[in-house]
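J.: Have a look at this one before I ask anything.
The values are calculated or read from the model by the stated rules, or taken from the named source; none is laboratory data. Remember, it's a predicted structure, so these values are computed and weren't measured experimentally. Every residue, glycine as well, gets a Cβ built from its backbone with ideal geometry; the counts of neighbours run over all protein chains shown. Areas reflect the complete protein model, heavy atoms only, side chains present, ligands, DNA and RNA absent. Shrake-Rupley method; radii C 1.70, N 1.55, O 1.52, S 1.80 Å.
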Amino acid sequence: MELRVRDGRAVLAGEDESGEREVDPHSLPLGADLAEALHEWAKVADAVERTETPADGVASALVARRGKQLAGRIAAVMNAPVSYTDPVSGELVSVEAPEVPAKVAVETLVAEVEEPEPTPWGTGLTVSFITAAIVTVTVVSLSLGLGETSRWLALVANVLVVGGLAPSVWLGRNVPVWRWVAYGVVTGVLVAWFTLILTLL
């Protein structure tokens with residue numbers, strides 16, 4: 001692939017079955033920003049090339065350097081070498097695609113896999129404690145209130161409460177935030193049942 005300037009527009013030339021073909025950068029998967037940057041550079045390069053006053057070399061050097069940078073960006077996106085024809089001097093320069101060292105890529109991947117977020121023990125245990133206290137007080141109050149009428153009614157109420165909470169606790173046990181609430185609910189129910197057993201003795 002070769003980067004060229006044609007009539008103030010950037011084109012990319014390449015070989016296919018029908019021979020050499022020039023295409024607009026917008027027709028390739030380069031991204032709109034890079035395609036626009038190529039056309040802006042081509043306009044400036046065309047203006048420098050057509051100037052009637054003798055150039056002092058500064059503008060030409062800037063055009064050449066910018067063109068090489070853009071060719072490097074194309075090579076990185078396409079992951080293939082790109083030839084770059086300097087529109088002012090006509091010099092042909094080949095720009096290779098940047099290589100990512102395999103060791104660096106592997107180390108980055110391993111670091112991302114091996115560094116999970118730290119567990120918020122302080123906040124999590126506080127949430128679990130508060131949840132356990134609320135569940136314990138609620139279950140004990142409900143059971144003692146219903147127990148004055150009928151112990152069987154209190155037993156059925158406990159089964160219904162625990163049966164209603166069980167699906168939510170089961171689903172929340174692996175969710176990072178809600179697992180602390182789930183731990184608190186389980187602890188609260190167990191403490192409430194232990195307290196109710198002590199009241200029966």
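J.: Assuming 0.36 nm per residue, please report the length gained on full extension of the stretch V23 to S94 beyond their Cα-Cα distance. Before the final figure, lay out the partial values.
T.: On the way: separation 71, 0.36 × 71 = 25.56 nm, distance 1.87 nm.
Full-extension gain reported as 23.7 nm.
J.: Sort 165-176, 123-134, 67-78 by the packing proxy (mean of other Cβ within 10 Å over each peptide's residues), most packed first.
T.: On the way: 165-176: 12.5, 123-134: 15.7, 67-78: 19.1.
Those peptides, ordered most packed to least, come out 67-78, 123-134, 165-176.
J.: Using a 1.4 Å probe, how large is the accessible area of L28, given in Å² and rounded to the nearest 10?
T.: It works out to around 40 Å².
J.: Heavy-atom accessible area per residue, the range 145-201, 1.4 Å probe: how many Å²? Present the calculation step by step, with values, prior to reporting the outcome.
T.: Numbers: 4120 Å² over 57 residues.
That works out to 72 Å² for each residue.
J.: In addition: Could you check the simple spin-label distance between V175 and E117, using points 7 Å along Cα→Cβ, in nm with one decimal?
T.: 1.4
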